[in-house]
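Here's the structure we're looking at; comments come further down.
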Amino acid sequence: MTRMPATPPTGATLSADNAVLHLQGDWTLPYYAQLEALMAQLAPRIHAATVVDVSALGAVDTAGAQLLYQLLGEARLQALASEPSSLPAERRALMQAVAQALSHTQTAAAAPRKRTGLADGLESLGRLSLAGWRHVIGLLGFAGLVLESMARIALRPARWRITSLVANLDQTTLRAVPIVALMNFMVGAVVAFLGATVLRSFGASIFTVHLVAFAFLREFGVLLAAILVAGRTASAFAAQIGSMRANEEVDAIRVQGMDPAEMLVIPRLLALLLGLPMLTLIAMLAGIFGGMVVCTTALDISMQQFLAIMQEQVPPLHFYLGMGKAPVMAFMIALIGCFEGFKVGGSAQSVGEHTTSAVVQSIFIVILIDALAALFFMEMDW
């Protein structure tokens with residue numbers, strides 16, 4: 001076993017007039033601390049005219065070459081390594097390689113990459129696109145998990161959670177009836193006023209009935225009901241499940257051998273699948289009634305005449321098309337609300353963030369579904 005010297009070498013000395021720097025001994029890792037302290041003392045006294053004497057310099061490794069780089073600087077160390085001297089060729093090559101590597105590192109650190117607004121914008125767009133794609137993949141996977149759980153318990157009535165279903169149906173549907181009816185009544189009145197204002201100039205005020213009926217049977221009834229449910233129910237689902245996640249109640253359900261999707265997601269999903277069509281029907285009736293009130297008071301169209309026009313000239317197909325969108329919207333709203341709830345971390349801030357995200361996503365997907373359905377119905381000439 002090789003033994004290190006008991007006393008480390010002096011390392012370096014300066015002449016009295018600071019004209020010559022004598023490097024001596026081994027500049028290696030075992031003496032790094034002593035050499036670093038000595039270098040701190042000598043560095044302020046070294047000037048541009050100081051000559052470096054390496055005749056007594058012993059072994060040099062990468063640690064010692066780094067100290068020499070800090071003491072002498074890149075240019076002087078490069079010159080020392082390239083000029084013929086008493087140093088062996090392998091030591092000069094080592095010193096030159098270390099000098100070049102440290103020079104490149106410091107240059108890269110001193111000159112950061114230039115950034116432009118366009119580059120930053122494209123980078124942000126790329127990150128958002130990647131995050132959006134991962135979110136879509138996660139949502140699709142969650143949908144598959146929920147559908148698989150529904151299929152597994154469909155033929156096992158003993159595992160149906162009727163109490164939870166009824167409780168969620170009460171929260172998502174019955175308690176939302178007043179606000180849905182009131183809002184659609186007022187929007188129906190606004191649509192009738194708008195139609196009367198525009199059509200009166202053409203002498204076609206009677207067609208206000210068609211405008212109100214078509215608008216609420218095809219679009220406004222289901223759309224307004226779904227947007228209200230998205231803001232009211234999706235946030236509730238996300239907050240409820242998110243709070244359970246934060247309190248580790250979902251983990252407790254898994255530990256007991258039960259399926260969180262079966263207990264927490266399916267009752268909420270089925271309640272909304274049943275509830276949103278009911279709310280859509282109420283929204284249609286309230287909106288049409290609001291338009292009827294305006295037609296009766298402002299256009300001298302009696303309620304009997306209003307209903308007769310609807311019965312004779314508004315096909316039932318528009319009602320079926322509007323109602324057909326309700327289950328699709330209900331499924332997506334419930335799915336997004338529960339999915340965001342399961343993504344909550346362990347803090348109250350995370351609950352708030354994912355609750356907000358659930359509302360935004362639900363409203364967006366509702367409008368997207370309505371737009372795609374309108375395009376499809378138009379192409380089918382329905």
Which one is surrounded by the fewest Cβ atoms within 10 Å (Cβ to Cβ) among residues in the stretch 16-62 that are in a helix (DSSP H, G or I) and either touching a strand residue (DSSP E or B) at 6+ places or on another chain (Cβ under 8 Å) or of a type in the set (Asp, Glu) (or both)? 45
Would you pick out the residues in the stretch 254-266 that are of a type outside the set (D, E, K, R), open to solvent by 20 Å² or more (accessible area, probe 1.4 Å) and part of a helix (DSSP H, G or I)? 255, 263
Looking at 223, 199, 182, which is the one that is closer than 20 Å to residue 305 by Cα and out of contact with any Leu (no Cβ under 6 Å at 6 or more places or on another chain)? 199
Condition check: within 25 Å of residue 161 (Cα to Cα), at pLDDT 90 or above and either among the basic types (Lys, Arg) or buried (at least 22 other Cβ atoms within 10 Å of the Cβ) (or both). Does residue 269 satisfy that? yes
Count of residues meeting criterion [under 37 Å from the mean Cα position of the chain (by Cα), crowded, with 21+ Cβ neighbours inside 10 Å and β-branched (Val, Ile, Thr)] in the stretch 275-291: 1
Log entry, pairs with first residue in the stretch 354-372 being over 23 Å from residue 221 (Cβ atoms), second being open to solvent by 50 Å² or more (accessible area, probe 1.4 Å) and of a type outside the set (A, V, I, L, M, F, W, C), beta carbons closer than 8 Å, six or more apart or on different chains, reads 354/343
Need pairs with beta-carbon distance below 8 Å; first residue under 10 Å from residue 39 (Cα atoms) and within the stretch 60-73, second surrounded by 22 or more Cβ atoms within 10 Å (Cβ to Cβ) and of a type in the set (A, V, I, L, M); sequence gap 6+ or separate chains. 67/35; 68/23; 68/60; 68/77; 68/95; 71/12
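Yes or no: residue 58 modelled with pLDDT of 75 or more and either at positive phi or of a type in the set (Lys, Arg) (or both)? Show your work before the answer.
Numbers: modelled with pLDDT of 75 or more: yes; either at positive phi or of a type in the set (Lys, Arg) (or both): no.
No; evaluated as a whole, the condition is false for this residue.
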So the helices (runs of 4 or more DSSP H) completely within the stretch 286-382 holding 2 or more residues that are out of contact with any Phe, Trp or Tyr (no Cβ under 9 Å at 6 or more places or on another chain) and under 22 Å from residue 132 (Cβ atoms) are 317-342, 348-379
All-but-one check, residue 280 against (1) touching a residue at least 40 places away in the same chain (Cβ under 8 Å); (2) over 21 Å from residue 191 (Cβ atoms), failing number (2)
Those residues of the stretch 240-253 that are open to solvent by less than 30 Å² (accessible area, probe 1.4 Å) and under 21 Å from the mean Cα position of the chain (by Cα) come to a total of 2
Residue pairs within 7 Å by beta carbon, gap of at least six or interchain, first lying in the stretch 187-200 and modelled with pLDDT under 90, second not in a helix (DSSP H, G or I), listed first then second, are 196/299
Looking at residue 91, is it of a type in the set (Lys, Arg), touching a strand residue (DSSP E or B) at 6+ places or on another chain (Cβ under 8 Å) and closer than 17 Å to residue 12 by Cα? no
Does at least one position in the stretch 359-380 carry a residue that is surrounded by 16 or more Cβ atoms within 10 Å (Cβ to Cβ), in contact with a Pro (Cβ under 9 Å, 6 or more places away or on another chain), modelled with pLDDT of 90 or more and closer than 19 Å to residue 272 by Cβ? no
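The values are calculated or read from the model by the stated rules, or taken from the named source; none is laboratory data. Worth saying up front: this structure is predicted, and the values here are computed from it rather than measured. Glycine gets a Cβ as well: all are built from the backbone with ideal geometry, and neighbour counts include every protein chain shown. Areas reflect the complete protein model, heavy atoms only, side chains present, ligands, DNA and RNA absent. Shrake-Rupley method; radii C 1.70, N 1.55, O 1.52, S 1.80 Å.
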